[in-house]
């Protein structure tokens with residue numbers, strides 16, 4: 001899954017560590033999220049979007065599966 005976490009972090013000048021602490025996960029989780037290697041729970045996606053002051057559908061790009 002693609003996302004714009006890194007882009008929004010940059011806009012708000014938030015480090016991976018700061019975002020991780022704010023949403024209650026390890027920094028490595030944010031790294032994996034940004035790389036598209038981790039599928040977040042709905043709660044985590046919501047918390048990340050809220051911290052980055054955007055909506056889930058603006059932050060995460062869901063690919064339609066056939």
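The values are calculated or read from the model by the stated rules, or taken from the named source; none is laboratory data. Everything quoted here is computed from the prediction, not taken from an experiment. When we count neighbours, we look across all protein chains shown, and the Cβ atoms used for this are built from the backbone with ideal geometry, even at glycine.
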Residues located in the range 12-35, provided they are touching a residue at least 24 places away in the same chain (Cβ under 8 Å) and more than 16 Å from residue 59 (Cα to Cα): 22
Index of the failed condition, residue 9 passing every other in (1) within 10 Å of the chain's Cα centre (by Cα); (2) in a helix (DSSP H, G or I); (3) without any contact (Cβ under 8 Å) to a residue 40 or more places away in the chain: (3)
Breaking point among (1) surrounded by 15 or more Cβ atoms within 10 Å (Cβ to Cβ); (2) modelled with pLDDT of 95 or more; (3) in contact with a helix residue (DSSP H, G or I) (Cβ under 7 Å, 6 or more places away or on another chain), for residue 38: (2)
Residue that is nearest to residue 24 (Cα to Cα) [pool: residues in the range 56-66 that are touching a strand residue (DSSP E or B) at 6+ places or on another chain (Cβ under 8 Å) and loosely packed, with under 14 Cβ neighbours inside 10 Å]: 61
All positions within the range 43-55 that are without any contact (Cβ under 8 Å) to a residue 12 or more places away in the chain and surrounded by fewer than 17 Cβ atoms within 10 Å (Cβ to Cβ): 43, 46, 50, 55
